[in-house]
1. Evaluate E = 1/(1 + (r/R0)^6) for residue 9 and residue 54, where r is the Cβ-Cβ distance and R0 equals 22 Å; express this FRET efficiency to the nearest 0.05.
2. Jot down the radius of gyration and Dmax of the chain, Cα atoms only, both in angstrom.
3. Does anyone have the angle between helix 3-23 and the longest principal axis of the chain? Alpha-carbon axes, 0 to 90°, nearest 10?
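No lab work stands behind these numbers, since they all come straight from the coordinates. Keep in mind that this is a model prediction, so the values were computed, not measured. Note that each Cβ is placed from the backbone with ideal geometry, even for glycine, and that neighbours are counted across all protein chains shown.
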C-alpha cells in the first residue's frame, strides 16, 4: 500500500476515535478512546518522519 493511503487510513481512524471519545468524555471508555486517537495522530508524525529520513 502506498504511504499516502496508510496515512489517510490512520487519520480517518484517529478522527473517528477522537470524535467518539469526545462524545463519551464523561466515561472512562471515552477518555481511553481519545487517548487512542491522540496516540494514533502522533504515530502519523513518527511514520512520516521515518519515511522522510529513510529516503536519504
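1. Values: r = 20 Å, r/R0 = 0.90.
The pair residue 9/residue 54 has a calculated efficiency of 0.65.
2. According to the Cα coordinates of the chain, Rg and Dmax are 13.3, 46 Å.
3. Between the helix axis and the principal axis of the chain, the angle is about 10 degrees.
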